[in-house]
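J.: Pasting a structure here, questions to come.
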Amino acid sequence: MSRQARREAVEGYICISPWLVGFVMFVAGPILASLLLSLTYWDIGSAPRWVGLQNYAEIFTNDGDFLQALKVTLTYAVVTLPLHLVLGLALSLLLNLRLRGMNFYRTLFYIPAVLPIVAVTMLWIWIFNPEFGVINHLLSLVGIEGPSWFHSPRWALPGLMLLGLWGVGGGAVIYLAGLQNIPPHLYEAAEIDGANIWRRFWRITLPLLTPTLFFQLVLNLIATFQVFTQSYIATQGGPLQATFFYMLYIYNKAFGTLRMGYGSALAWILTLIILAVTLLVFRSSPHWVYYEAERRKEDA
Amino acid sequence: MNVDSPVTQGGGWLSQLRWNRRVRGRVVSFSAHFSMILLSLIFLIPMFWMLSTSLKSRAQTWLFPPEWIPNPVVWEHFPRIFEVAPVLLFFQNTMIIVFWNVLGQVFSTSLVAFGFARLRFPGRDVLFIMLIATLMIPYQVTLIPTFILFKLFGWINTFLPLTVPAFTGSAFFIFLMRQYLMSLPFDLDDAARMDGCNTFQVLFFILLPLCIPPLVIVVVFTFIGVWNDFLGPLIYLNENTKYTIALGLNLLRGRNRTDYNVLMAASLLAVLPTLIVYFLAQNKLIGGIASVGLKG
């Protein structure tokens, strides 16, 4: 290595050193530590006690809260992920039309994504108020007697789902960028060939958008498994554990009852679940995600 | 040939197509405007409801069916916020944390991204892949050990756990910044070095002034993210006097479970700074989110 190259290498490491320190201290180190912690009993007060796989055994065989938390979180994911995808996509198609005032709409629809989730949750608690809330008023206008939302074991979770859907504009903006990257000549050619708007959507828009959809799906997936603040503030997991999200359970165990080892085991299980589902999505991607570059390679 | 009236012309296929397009264009644009306005209402009504409740009298608040327009307009809920809880202190705390985060992120993101984008060193590409991989790590798996680490440092109930990590950069911003730096011509570096700049002068005097667009995104996202964060302050701050605005809002609700006027007025105050920052930067912001969204 020449003197100059060595000098550049040293400077390179100096430049990335903040991230390297952060990686060791706040990512790699804690991941390893939480794996070890999950094999101990530790309430912070006394020294950690090695218990092997006991935490995991207890979680899997004798923990109703774990099953409930898993059920709530999975239900939320299964219902909201497709909804976010479809509605976000529909919204982005609208936002992609060449229309006067479109910049205004784009700005507007993204707003919920930048607002503090605490304030947004407060607002929706009030909107969902069973007796004086706006939603039940609007429902009464069409002759439906609204449920008691966050006070009802049956409707609390759907209420939180609706709250989440209010932020659908965040995803739409990302789809929009994908839409705008589709070369216009494809549409022109299809139109001359007589393809109607429906066919153009299925044959051009959707295939060329699949990389963006894929990326959003992975991000949403990870985020969905981590829902915390809304349920912590609006329902505290209730009523009757109807909104007992997995993150809430981790929080309660680790920071409520100070069972750090058990909390770490719960966190690891959730992480493995997320990892497994993400891998599944990745493995499925060759069947539905379209990459222009790969296609060209095949054609050549 | 008059392309606007194919009927009188008996029209060629081309004029027919253009005419069809024009009519269809009007129908599409009308229905699009209509659905846009309808959708806007879904986004606007809740916001309006917040504003309206914060300005209503108590008597008017508890009416069913609800009334949309405050009558009379009542301002007293806003001063009330500051009597119920030390909200000014919450604002100040949040601003301090935001300030250090913005500073830390801008500094470390620039430095690290520059290293990855412009300098050659062994292991660079592997390290960069690791950096991208950290984007996928769910935060809860590092949450508990990080808490314990900060507890060992004696940093619980200080702002340090909420500010110091910003100085190690965030993978998302570093990635964004690196992509941007890669798009700048290397001739800039070479010319500057020829004129006697050292590596860090190249970064700070030549490249960074050209990096305003991604830096705006770093600043704005950091501001909004830190301002809105709830879990971090919830775990690390346990004294009222240290609370951030997000925690303070929750405190306010705990004390006045049914006082929605004050609660909505306070929510409005909490929302306002992010809204202002968002509107100031929205053009660059939406473009930035989009570009990152695509590259992943």
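What follows draws every value from the coordinates through simple rules; no lab data is involved. Values in this document were obtained by computation on a predicted structure and should not be read as measured data. Don't worry about glycine lacking a Cβ; one is built from the backbone with ideal geometry, like all the others, and counts go over all protein chains shown.
J.: Tell me, what ³J(HN,Hα) does each residue in segment A:130-140 have, in order and in whole Hz, if you take phi through Karplus 6.51 cos²θ - 1.76 cosθ + 1.60 with θ = phi - 60° and put x for Gly and Pro?
T.: x, 9, 10, x, 5, 4, 5, 5, 4, 5, 5
J.: Under a plain spin-label model, where a point goes 7 Å from the Cα along Cα-to-Cβ, how far apart in nm are A:L240 and B:N238?
T.: Rounded to a tenth, the inter-label distance reads 3.4 nm.
J.: Here's another thing I want to ask about it. Could you check the simple spin-label distance between A:I182 and A:R199, using points 7 Å along Cα→Cβ, in nm with one decimal?
T.: That separation, rounded to one decimal, is 1.5 nm.
J.: What share of all Cα pairs of segment B:6-61, in percent, falls into each consecutive 5 Å distance bin?
T.: The calculated distribution, bin by bin, is 4, 15, 12, 11, 9, 9, 7, 7, 6, 6, 5, 4, 3, 2.
J.: Be a star and scan segment B:194-230 for residues whose amide nitrogen sits under 15 Å from the point 7 Å along the Cα-to-Cβ vector of B:F186.
T.: Residues passing the 15 Å test: B:194.
J.: Moving on to the next point. For chain B, modelled as a Gaussian network with Cα springs under 10 Å, which listed residue fluctuates most, B:V112, B:V277, B:V28?
T.: B:V28
J.: Provide, in order from the shortest bin, the percent of all Cα-Cα pairs of segment A:62-299 in each 10 Å bin, continuing until the bin that contains the maximum pair distance.
T.: P(r) over segment A:62-299, rounded to whole percents: 7, 25, 30, 22, 12, 4, 0.
J.: Mean-square fluctuation check for chain A, GNM, Cα pairs under 10 Å: which of A:L36, A:L240, A:L99 is largest?
T.: Top of the fluctuation ranking is A:L99.
J.: Additional query: In square nanometres, what is one fourth of the surface area of the convex hull spanned by the alpha carbons of the protein assembly as shown? Numbers along the way, then the final one.
T.: Values: hull surface 143.0 nm².
For the Cα atoms of the protein assembly as shown, the hull's average projected area reads 35.8 nm².
J.: Exposed loop sites here are trypsin sites (Lys or Arg not before Pro) in DSSP loop states with at most 16 other C-beta atoms within 10 Å. What is the longest stretch of chain A lacking them?
T.: Values: sites that count: A:R98, A:R100, A:R154.
The longest such stretch corresponds to A:155-300.
J.: Within the protein assembly as shown, what is the number of lysine pairs with alpha carbons under 21 Å apart, leaving out pairs fewer than eight places apart on the same chain? Before the final figure, lay out the partial values.
T.: Details: A:K71/A:K253; A:K253/B:K151; A:K297/B:K295; B:K151/B:K242; B:K284/B:K295.
Lysine pairs meeting both conditions in the protein assembly as shown amount to 5.
J.: Can you give me the Cα centroid spacing of segment B:219-266 and segment A:65-115 in angstrom?
T.: So the separation of the two Cα centres works out to 24 Å.
J.: Under 5 Å between amide hydrogens, which residues at least 5 positions from A:Y41 or on another chain qualify, with H placed 1.01 Å from N in the peptide plane?
T.: It is A:R49, A:W50, A:V51, by chain and number.
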